[in-house]
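Notes for the one structure printed next.
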Amino acid sequence: MKPSASGRALAAGAVVVAALLTGGSMADAAPASGTATAAAAPDIPVADVKAHLTQLQSIAAANGGNRAHGRPGYQASIDYVKAKLDAAGFTTSVQQFTSSGRTGYNLVADWPGGDPNRVVMSGSHLDSVTSGPGINDNGSGSAAVLETALAVARSGYQPAKHLRFAWWGAEELGLVGSRYYVNSLGAAGRAKISGYLNFDMIGSPNPGYFVYDDDPTIEKTFKDYFAGLGIPTEIETEGDGRSDHAPFKNAGVPVGGLFSGADYRKTAAQAAKWGGTAGQAFDRCYHSSCDTTANIDETALNRNSDAIAYAVWQLSQ
Ligand code: TRP
Ligand code: ZN
């Protein structure tokens with residue numbers, strides 16, 4: 001189910017108001033007109049997202065049970081995602097860095113076209129911890145961003161802004177890959193990024209629906225999507241700066257994102273509005289060997305994947 005046309009028209013009006021009222025937000029880059037012909041985002045097939053998770057789990061199983069920085073399972077994960085993007089027509093590049101004496105990699109994929117001075121970027125960390133395959137943390141975000149990118153290619157979408165997608169290395173060692181990338185851009189490169197959207201854990205088995213409380217335009221876009229589905233959201237409070245949006249935010253880039261919860265427990269009030277189990281962690285397998293394909297709530301994965309596509313489409317035209 002998609003939000004109504006009138007909901008979209010209201011949202012477009014709000015973007016114009018926000019552009020007049022705020023400085024330094026994503027709204028500054030919005031065109032003065034053209035929202036009336038906005039292209040609708042496609043529904044992201046959750047079966048395709050889950051198929052990527054199955055592949056990531058097989059990669060971990062074939063490589064000592066993890067996809068951690070500096071291990072063969074990480075390299076195989078990069079190869080898997082890159083091959084899909086290359087076949088779909090993306091311009092990919094692998095950025096190499098060193099952390100803890102081991103080589104790490106970021107994968108960056110550019111969709112040809114759009115204004116190079118207004119880049120809408122979406123990313124997820126692709127590394128797991130050493131203790132498990134990392135399917136919710138963060139196969140979930142990685143697979144959903146991959147499928148969103150593939151949906152861009154399938155639809156031949158040519159937005160006004162330039163689309164870029166990234167998969168970060170060594171997040172679990174302290175946001176190492178994303179920080180390396182942000183530093184490598186320099187001030188001029190950073191100024192071209194209109195917004196960075198981060199997705200780290202979006203299929204938690206006892207899910208919450210959390211929206212990062214950062215750039216107002218990005219935040220509103222996600223909130224509008226969930227409001228259109230009738231799903232209440234909360235502001236993400238489990239730890240500002242605990243994922244790859246932090247280096248972008250610290251460098252002045254507008255950021256936003258989604259999160260379905262990690263080791264914090266769901267309250268009774270949260271279980272009343274979202275279902276699931278009160279008093280239990282959002283993800284009981286966080287950073288454990290049981291973070292497998294069984295550790296995914298398909299409904300949360302589906303809704304969050306569709307929300308990513310909605311935001312990428314909405315913010316790029
Ligand atoms: N980044 C953490 C990890 O990968 C997960 C996490 C905890 C998180 N709290 C968060 C991600 C808040 C985003 C927002 O281990
Ligand atoms: Zn994570």
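The values are calculated or read from the model by the stated rules, or taken from the named source; none is laboratory data. Not measured: the values here are computed from a predicted model. Glycine gets a Cβ as well: all are built from the backbone with ideal geometry, and neighbour counts include every protein chain shown. We work out accessible area using only protein heavy atoms, side chains counted, and drop any ligands, DNA or RNA first. Shrake-Rupley method; radii C 1.70, N 1.55, O 1.52, S 1.80 Å.
Decide, for the chain, between rounded, prolate and oblate: order the square roots of the alpha carbon gyration tensor eigenvalues as a ≥ b ≥ c, take rounded if a/c falls under 1.5, and otherwise choose prolate if a/b is larger than b/c, else oblate.
Details: a/c = 1.57, a/b = 1.19, b/c = 1.32.
Judged from the Cα gyration tensor, the chain comes out oblate (a/c at least 1.5, b/c at or above a/b).
Enter the accessible area per residue of the chain (Å², integer; probe 1.4 Å; all protein chains in place). Please report the intermediate quantities before stating the final value.
Numbers: 11970 Å² over 317 residues.
For the chain, the per-residue accessible area is 38 Å².
Along segment 268-273 the Karplus relation, 6.51 cos²θ - 1.76 cosθ + 1.60 evaluated at θ = phi - 60°, assigns HN-Hα couplings of 4, 5, 5, 5, 5, 8 Hz to successive residues, with x for each Gly and Pro. Find how many whole Å separate the alpha carbon centroid of segment 61-94 from the alpha carbon centroid of segment 103-127. Result: 15 Å between the Cα centres. Note on segment 52-204: Cα-only Rg and Dmax are 14.7, 44 Å. Largest GNM mean-square fluctuation among Arg242, Arg67, Arg190, using the chain with Cα springs under 10 Å: Arg242. Taking each residue as 0.36 nm, the span from Leu229 to Ala61 lengthens on full extension beyond its C-alpha to C-alpha distance by 56.8 nm.
Binning the C-alpha pair distances of segment 168-221 at 5 Å intervals from 0 yields a P(r) profile of 4, 14, 19, 19, 25, 13, 4, 2, 0 %, listed from the shortest bin outward. Relative protection proxy for 267-280, 285-298, from highest mean packing down: 285-298, 267-280 (other beta-carbon atoms within 10 angstrom).
Computing the accessible area with a 1.4 Å probe over protein heavy atoms, can you report the carbon and sulfur percentage for segment 66-145? If you can, show how the numbers build up before the last one.
On the way: 1190 of 2490 Å².
Answer for segment 66-145: carbon and sulfur cover 48 percent of the accessible area.
Short to long, the 5 Å bins of the Cα pair-distance histogram for segment 208-257 hold 4, 22, 30, 23, 13, 6, 2 percent of all pairs.
Helical runs assigned H by DSSP (4 residues or longer) give the chain a calculated mean residue ellipticity at 222 nm of -13000 deg cm²/dmol, each run adding -39500 (n - 2.57) before division by the residue total.
Classify segment 153-270 from the C-alpha gyration tensor, please: rounded if a/c falls under 1.5, else prolate or oblate depending on whether a/b exceeds b/c.
oblate
One equal scatterer on each Cα of segment 127-178, no solvent, Debye formula: the resulting log10 I(q)/I(0) at q = 0.13, 0.24, 0.25 Å⁻¹ is -0.41, -0.92, -0.96.
Kindly state, to the nearest 0.05, the FRET efficiency for Ala191 paired with Gln95, given R0 = 25 Å and r defined as their beta-carbon distance. After rounding to 0.05, the efficiency reads 0.85.
Quick check: from the Cα gyration tensor, does segment 263-305 come out rounded (a/c under 1.5), prolate or oblate?
Numbers: a/c = 2.68, a/b = 1.23, b/c = 2.18.
Here segment 263-305 falls in the oblate category.
Measuring between alpha carbons in the structure, the pairs from Lys50/Lys273; Lys192/Lys273; Lys161/Lys249 lying more than 28 angstrom apart are Lys192/Lys273.
Note: relative contact order over the chain, using C-alpha pairs below 8 Å and six or more positions apart, is 23 percent.
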